[in-house]
Each structure stands twice: as structure tokens, then as C-alpha cells.
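Accompanying notes for the structure given below.
Derivation of every value follows stated rules applied to the coordinates shown; laboratory data play no part. Note that this is a predicted model, so its numbers are computed, not measured.
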Amino acid sequence: MGEFENKEREEVFSKKVRAGKRTYFFDVKATRSGDFYLTLTESKKRLEDGVFVKHKIFLYKEDFEKFAEGLNETVDYIKNHQEVVEKRYEFSENHEGNGTKPNDDFSF
């Protein structure tokens, strides 16, 4: 029972972003000492067997600034060298089309 309580305490905040065939999870968790860190998870359903494949990155607070700088610089490069048209996916209650709710925020 103690392990379950510890796992519940670890997750502090969570944001889910659906983007086409992928879903991204931004989860803030706490270490045993109370320090926050971020896990970024990409989840995509394989068409051939319906299994969800997940890729996860752990990002610690001492790396936030450098990570954000690198991400912003990379996104800016793409936007400046190629037309980027952000897609807005329609949300479907029966989950067909893997859409998003209209109020999801995709800005960086």
C-alpha cells in the first residue's frame, strides 16, 4: 500500500495533447526529495495490431532552460525555412479520427 501512495504523490500535474495520430503527455512529477521534473511521452497506436507504442523523455529542472532554447531555435528554423500549416483536428466522442478538442493549445 505504501508504494501505491508514493506513486499517487509523485504526479503533480498532467497535460494531454492530441495531435492527429499521436498523443503527447506532459507530466510533472516529484522526486522523493520533492524536486519537480517533466516527462514527455509520445503515444501512437500501431495500425497493424492496435498496440500503443510510447516514447518517453525525462527532463530535469536544471535542463529546462537549455531544452527550451534548443526546442524554440529548432522550431523557428523549420518555420523560417518551410511553410508550416498547423492542423486542427476535430474531436469525436467515439474517438474516430483521433481528433483533438477545439480548445487544445498547440503553441510553444
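Using θ = phi - 60° in the Karplus curve 6.51 cos²θ - 1.76 cosθ + 1.60, the 3J(HN,Hα) couplings for region 61-73 round to 4, 5, 9, 4, 4, 5, 4, 4, 4, x, 5, 4, 5 Hz; x is entered for Gly and Pro.
Sequentially through region 10-23, phi angles give Karplus couplings (6.51, -1.76, 1.60; θ = phi - 60°) of 4, 7, 9, 7, 9, 10, 10, 10, 8, 9, x, 8, 10, 10 Hz, Gly and Pro residues having no value and appearing as x.
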